[in-house]
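Peer 1: Here it is: the structure, laid out below.
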Amino acid sequence: MHAFDAHCRAALAEIKAQGRYRQFTPLAREAARFPRYRMTRDGVEREVIVWSSNDYLGMGCSPVTIEAACAAAREMGAGAGGTRNISGTSPLHEALEAELADLHGKEAGLVFTSGFVSNQAALAGMLAALPGWQVFSDAKNHASMIAGIKAAKASVHIFAHNDVADLEARLAAAPAGAPKLIAFESVYSMDGDIAPIAAIAALAERFGAFTYLDEVHAVGMYGPQGAGVAARDGVAGRIDIIEGTLAKAFGAHGGYITGRAEVIDFLRSTAGGFIFTTALPPPVVAAALASVRHLRGDDARRARHFERAETLKRRLDAAGLPRMASVSHIVPVLIGDAARCREVSRRLLEEFGIYATPINYPTVARGTERLRLTPGPFHSDAMMDALIAALGAVVGSGAARAA
């Protein structure tokens, strides 16, 4: 056995001992009955209600996206055939990029194969372009942003999460003439809190910093036409690059960036994660384009989504369940121990037919392990009744609510 095999075996044993071992749950989504899924184990099939999907608005199961994907597959085939430089770019890709740029009020857009790749490639490409970059990164930024920042030879300053005073102090201490970049998110997906975007934009203007905002957990849901939190707060025009995903509220797949035309064109010409990767397949692009266009006018779906989230929060509180504070559509329930978190999730699934993802270290800090609930427009009152009753039985009511 090679030394690396031995390392893998020992590391996996340690992860299992800590209760952090991750196992896939075999769930087959039923498009016509979302958020109902089918789970088959040991030859037995049962219905499961999923409370942890990032298809926040159910657009991945909408006839709008499904029919667009089917039509594109029949017309253009299943795959893209290569990178856009090698195999050419389809009108669908160009139309989607124009639609996304218009959504965010930017001059141009660029589509990548995933949200992870868009962050990693765009940030790495930007930071490789100039010497002496000073990067200011929120302490709770996503792993994809961290990967992009680490790929470059830049001086990195981690500021306390959503702490404008700490960011200001770090900006003031940095070399005055150095190029500066502030990287942060709008909605943070584990805690459900929201960045003070206007205050950060004001600091960026004061210190001459470039701003890079990840809106993956906000696009499609927040702001006019679903353009995100920056648009909701009226500050999208003060952000240099807005990054988003097509794989969550839009219900398709892929990531993107939008910004000034010369910046986007530069990254199109230099970002390795774009240049050397096969383009998104036409059916995926068609589905995403149809979804974006539809959601820009579907205020009723957005309103229903937020009503469901607020209703679940109130009902968890009324039941005395340990809901963590959240100002967004994400509803975390504190468990506080990795092994117990996995056990709670297992019991909910096996005893009640409810799937709620356990979130453990290193995704969140030790002692803050939680269930991450994402109620959507298709979660009914009856489904909430069942969830509250199951959580009361498994987690226990009367627990102290987390701050």
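Peer 1: Does any residue of the range 200-214 turn out to be touching a Lys or Arg at 6+ places or on another chain (Cβ under 6 Å), assigned to a helix (DSSP H, G or I) and open to solvent by less than 10 Å² (accessible area, probe 1.4 Å)?
Peer 2: Within the range 200-214, one or more residues are touching a Lys or Arg at 6+ places or on another chain (Cβ under 6 Å), assigned to a helix (DSSP H, G or I) and open to solvent by less than 10 Å² (accessible area, probe 1.4 Å).
Peer 1: Collect the residues in the range 361-399 that are more than 24 Å from the chain's Cα centre (by Cα) and at positive phi, keeping them in residue-number order.
Peer 2: G396, G398
Peer 1: Right, another one. List pairs: first residue in the range 217-246 and without any contact (Cβ under 8 Å) to a residue 40 or more places away in the chain, second residue small (G, A, S) and open to solvent by 20 Å² or more (accessible area, probe 1.4 Å) anywhere in the structure, Cβ distance under 7 angstrom, at least six positions apart or on different chains.
Peer 2: Correct list of pairs: G223/A231; P224/A231; R232/G223; D233/A198; V235/A198.
Peer 1: Still on this structure: Would you point out the residue of the range 344-387, among those that are of a type in the set (G, A, S) and touching a Pro at 6+ places or on another chain (Cβ under 8 Å), that is farthest from H329 (Cα to Cα)?
Peer 2: The residue in question is S345.
Peer 1: I would also like to ask the following. Can you go through A236, A271, A218, A249 and tell me which one is modelled with pLDDT of 95 or more and open to solvent by 10 Å² or more (accessible area, probe 1.4 Å)?
Peer 2: The match here is A236.
Peer 1: Moving on to the next point. Right, T278: β-branched (V, I, T), in a loop (DSSP other than H, G, I, E, B) and touching a residue at least 60 places away in the same chain (Cβ under 8 Å) or not?
Peer 2: Yes: the conditions hold for T278.
Peer 1: For S155, work out the one condition from (1) open to solvent by less than 20 Å² (accessible area, probe 1.4 Å); (2) more than 28 Å from T368 (Cα to Cα); (3) at pLDDT 95 or above it doesn't fulfil.
Peer 2: (1)
Peer 1: Report those helices (runs of 4 or more DSSP H) wholly inside the range 290-403 carrying at least 2 residues which are open to solvent by 30 Å² or more (accessible area, probe 1.4 Å), hydrophobic (A, V, I, L, M, F, W, C) and within 20 Å of A218 (Cβ to Cβ).
Peer 2: Because the criterion is at least 2 residues that are open to solvent by 30 Å² or more (accessible area, probe 1.4 Å), hydrophobic (A, V, I, L, M, F, W, C) and within 20 Å of A218 (Cβ to Cβ), the helices (runs of 4 or more DSSP H) in the range 290-403 that meet it are 299-318.
The values are calculated or read from the model by the stated rules, or taken from the named source; none is laboratory data. Treat the numbers as computed from the prediction; the structure is a model and nothing was measured. Cβ sites come from the backbone with ideal geometry, for glycine too, and all protein chains shown count toward neighbours. When the accessible area is computed, the model is the full protein with side chains, heavy atoms only, and any ligands, DNA or RNA have been set aside. Shrake-Rupley method; radii C 1.70, N 1.55, O 1.52, S 1.80 Å.
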